[in-house]
Amino acid sequence: MSMAEDGARGIGETAPRKLVIRTIDQTDVSAALAAGWADFKAAPAYGLFFGGVYTLGGWVIASMLMAAQLNYVIYPLVTGFALVAPFVAAGCYEVSRRLERGLPLGWSAVLGAIFTDNGKELGWMALVSGFVLIIWFDFAVFIYLMFFGLKVPTFGELISLVATTPSGALFLVVGNLTGMAIAAFVFSISVVSAPLLLDRDVDFVTAMITSFKATHANPKPMISWALMIGFLLLIAISTGLILLPLILPLLGHASWHMYRRVIE
């Protein structure tokens, strides 16, 4: 990595730059999404690769659960899988960073950025989200047992229970509300911190605190951004993850531009 690139990333400075949180509005959310789409079109191979790997992982996990007849945990695990999406999209952040600063693109450079000291801090934060994913999975199993007991229905029977019985409908509502609460927490600590860790020389605790403060300082646009992420991921899930290789990199690139608009 060159001296110029080190300076652009923030590594090697004698003192870390102060993290200043800007106030943003809805136009920043729209602009970030548009800039993310432009980055994806400028370098589609990287986004399709990361999105494809993530999609393949989702299909493998779903297939294993169906083979083990654990149909009732497929939905919560697929939706909970979104909790670690910010870290799968780390390569997209690096692509957007390089496009923004006129740095050359290359697989070694993009993948190598994830294994720098900054990438290691991102790994620690990914462990935090992974732990939250395990908690969400435990909650999902507990909620299922609370409503249906130890009976393990087929996939069709589960859909019928949810669609035609009051207890099934309540199960769906309680499960989704619990998932939304957990997802909101993960969003608040990761919406800014994941790209921040690749860009600046900070530790993962500072990055998570900064992300939480940024969310608190900009509640309306951050809620709007969270709803947009949820909507696009819902589309991906409803298509059996077929559209995920397009949606994941779009959100990854856009998340970089949201970070750049929120953090001075």
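Coordinate-derived values only; no laboratory data. Just so you know, these numbers come straight off a predicted model, no measurement behind them. Backbone-built Cβ (ideal geometry, glycine too); neighbour counts: all protein chains shown.
Over the Cα atoms of segment 136-264, Rg to Rh with Kirkwood Rh, two decimal places?
1.07
Modelling each spin label as a point 7 Å along the Cα-to-Cβ direction, I'd like the Val53/Ile223 distance in nm, to one decimal.
A separation of 3.6 nm, rounded to one decimal place.
Fewest Cβ neighbours within 10 Å first, please rank Val29, Val60, Val162, Val95 accordingly.
Val60, Val162, Val29, Val95
Sort 43-50, 194-201 by packing, meaning the average of other beta carbons within 10 Å per residue, with the highest value first.
Top of the packing list down: 194-201, 43-50.
Tell me the Kirkwood radius of the chain: reciprocal of the mean inverse pair distance over distinct alpha-carbon atoms, in Å.
Evaluated on the chain, it is 19.3 Å.
In degrees between 0 and 90, to the nearest 10, how far off the longest principal axis of the chain does helix 244-262 point, with axes built from Cα atoms?
50
Determine, for each peptide in 254-261, 126-133, 208-215, the mean count of other beta carbons within 10 angstrom over its residues, then list the peptides with the highest first. Spell out each step's value before the answer.
Numbers: 254-261: 24.5, 126-133: 15.9, 208-215: 20.8.
Final packing ranking: 254-261, 208-215, 126-133.
Under the 0.36 nm per residue contour assumption, what length would be gained going from the current alpha-carbon distance of Leu111 and Leu172 to full extension? If you can, show how the numbers build up before the last one.
Details: separation 61, 0.36 × 61 = 21.96 nm, distance 3.91 nm.
Gain on stretching Leu111 to Leu172: 18.0 nm.
In degrees between 0 and 90, to the nearest 10, how far off the longest principal axis of the chain does helix 155-164 point, with axes built from Cα atoms?
Here the helix axis deviates by roughly 80 degrees.
For a Förster distance of 22 Å, can you work out the FRET efficiency between the beta-carbons of His216 and Val20, rounded to the nearest 0.05?
0.90
Pull out the extension gain between Glu100 and Trp124, defined as 0.36 nm times the separation in residues minus the alpha carbon to alpha carbon distance; nm, one decimal. Mind showing how you got there, number by number?
On the way: separation 24, 0.36 × 24 = 8.64 nm, distance 2.63 nm.
Here the segment from Glu100 to Trp124 would lengthen by 6.0 nm.
Taking the beta-carbon count within 10 Å as an exposure proxy, list Glu121, Glu94 from fewest neighbours to most.
Glu121, Glu94
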